[in-house]
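Every read-out reported here was derived from the displayed coordinates using simple, explicitly stated rules and does not represent laboratory data. Given the structure is predicted, the values throughout are model-derived calculations rather than measurements. For neighbour counting, all protein chains shown are included, and Cβ atoms are generated from backbone atoms with ideal geometry for every residue, glycine included.
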Amino acid sequence: MRVGILGGGRWGQALARLAMAAGNEPLIAYRDKKEKPPHILPSTRNPPEVAQSCDLLVVATSASEVRQAVRLAEPGPGNRIVVAGRGLEPNSGLWLADVVREECASVRVGALAGPAPVDEILNGSLCAGVVASPFAEVRAMLVEALHSKRYRVYESDDLVGIQLAAAAVVVLACMLGLATNLGGAGVGIHAMVVARGIEENARLVRAMGGTGSSLSGLAGVGDLVAAQGRPGHPSYEAGQALAKGGDLKRLPSVVSIARALVSLAGRHAVEMPLTEALVTISDGTNPLEAVSALMARKAQWETR
């Protein structure tokens with residue numbers, strides 16, 4: 001099977017290696033001016049060539065670059081497209097699968113998420129992910145493309161839940177880094193952020209017609225465990241910096257995703273205290289005051 005990958009960065013190269021481990025032939029589309037040719041891996045500077053020669057396309061760019069990557073590749077109705085980025089498009093607030101639908105004639109789309117650190121994949125470590133799509137054909141093609149003894153791929157039809165989980169991890173990892181590095185913090189607040197953060201995002205997923213349990217799987221809890229379990233995760237380190245008096249200017253995507261989630265929650269009448277707290281901190285509230293306000297909230301049922 002030929003697997004088209006849009007994006008020649010480290011994530012695109014990692015996915016290409018997973019495709020090879022699964023016995024398939026990857027072809028990476030990269031942009032000459034912005035990206036160097038991927039080392040050794042099959043690649044082209046002509047994105048439409050990838051769409052024409054590969055039925056399955058995996059978009060391996062940042063959220064802000066998905067639209068341009070799809071536009072350059074010019075996929076047709078016969079292509080099946082899986083977005084392997086996370087979050088929402090910064091300017092529009094759209095889910096990345098919806099960005100794909102806006103930019104091409106393909107309607108059979110999906111999303112790939114889960115704890116798959118690029119460095120570990122490139123070094124041959126074992127990991128797993130989940131592909132979500134309402135179309136069984138899309139899920140089956142992605143499983144065939146990437147599933148191997150190195151990388152397990154699970155399936156879900158909850159595209160809303162898996163996309164939201166992937167976005168939520170960006171915010172919750174930052175809150176974990178913040179909360180666990182404030183003076184006097186311990187494992188108790190660490191556990192609280194994980195449990196309550198997953199629950200508040202699950203409420204939003206259910207309100208949007210998705211399956212709340214998607215937050216308990218690889219795209220939610222699994223990815224969050226990976227975020228705080230190894231050094232170098234950008235969101236977790238941004239939270240650590242906040243706890244030490246820094247700001248989020250180096251990682252604006254955290255703030256934009258948090259604001260988008262709060263906006264969605266407002267439209268669906270869902271409370272998201274942790275996500276809202278990060279927004280208030282980005283607006284200038286002292287982190288310790290924001291955490292104190294969270295702790296002072298009225299007691300309530302754990303789940304409803």
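Worth a mention:
- Base-10 log of normalised Debye intensity for the range 159-295 (one unit scatterer per alpha-carbon) at q = 0.11 Å⁻¹: -0.33
- Across Thr44, Thr275, Thr285, mean-square fluctuation computed from a Gaussian network of the chain (C-alpha pairs under 10 Å connected) peaks at Thr285.
- Whole-number D in µm²/s for the range 199-258 (Stokes-Einstein; Kirkwood sum over Cα pairs; 37 °C, 0.692 mPa s): 252
- The chain, dipole about Cα centre (Lys/Arg Cβ +1, Asp/Glu Cβ -1), debye to the nearest 20: 300
- Here the contact order of the range 11-92, divided by its residue count and restricted to Cα pairs under 8 Å and six or more residues apart, works out to 25 percent.
- The base-10 log of I(q)/I(0) for the chain, evaluated at q = 0.09, 0.11, 0.13 Å⁻¹, reads -0.43, -0.64, -0.88 [Debye formula, identical scatterers on Cα atoms, solvent excluded].
- Computed over the chain, the per-residue total of -39500 (n - 2.57) for DSSP H runs of n ≥ 4 gives a 222 nm mean residue ellipticity of -14500 deg cm²/dmol, rounded to 500.
- Summary of packing: across the peptides 240-246, 113-119, the per-residue average of other C-beta atoms within 10 Å ranks them, highest first, as 113-119, 240-246.
- Gaussian network model of the chain, Cα within-10 Å springs - most flexible of Thr280, Thr61, Thr211: Thr280
- Loop-located chymotrypsin sites (Phe, Trp or Tyr not before Pro) across the range 115-168 with a Cβ neighbour count of 15 or fewer within 10 Å are Phe135, with loop assigned by DSSP.
- Close amide-amide hydrogen proximity is noted between Val82 and Leu57, Val58, Val59, Gly110, each under 5 Å apart and 5 or more residues distant or on a separate chain (H modeled in the peptide plane; Pro and chain starts excluded).
- Signed unit charges on C-beta, dipole axis of the range 112-222, positive-most listed residue Ala195, Ile121, Ala165: Ala195
- Reachable aspartates and glutamates, given that their alpha-carbon falls under 18 Å from the alpha-carbon of Lys244 and they are not under 8 places away in the same chain: Asp283, Glu289
- When Leu164, Leu27 are sorted by how many other C-beta atoms sit within 10 angstrom of their C-beta, beginning with the fewest, the order is Leu27, Leu164.
- The C-alpha atoms of the chain define a longest principal axis, and helix 273-282 lies at about 90 degrees to it.
- For the range 130-141, Karplus couplings with θ = phi - 60° (6.51, -1.76, 1.60), whole Hz, Gly/Pro x: 10, 9, 10, 6, x, 9, 4, 4, 5, 4, 5, 5
- Sparsely packed GluC sites (Glu not before Pro) within the range 242-304, loop by DSSP, other Cβ within 10 Å at most 16: Glu271, Glu302
- Relative contact order %, the range 38-136, counting alpha carbon pairs below 8 Å whose residues are six or more apart: 22
- Rounded to the nearest 10 degrees, the angle from helix 252-267 to the longest Cα principal axis of the chain is 70 degrees.
- For the chain, the relative contact order is 14 percent, taking Cα pairs closer than 8 Å that sit 6 or more residues apart in sequence and dividing their mean separation by the residue count.
- The long axis of helix 234-243 is offset from the longest Cα principal axis of the chain by roughly 20 degrees.
- Comparing Ala179, Val58, Pro273 along the charge dipole axis of the chain, the residue lying farthest to the positive side is Ala179, per the Cβ-charge model.
- Here the extension length gained between Ala185 and Trp301 equals 39.4 nm, from 0.36 nm per residue of separation less the Cα-Cα distance.
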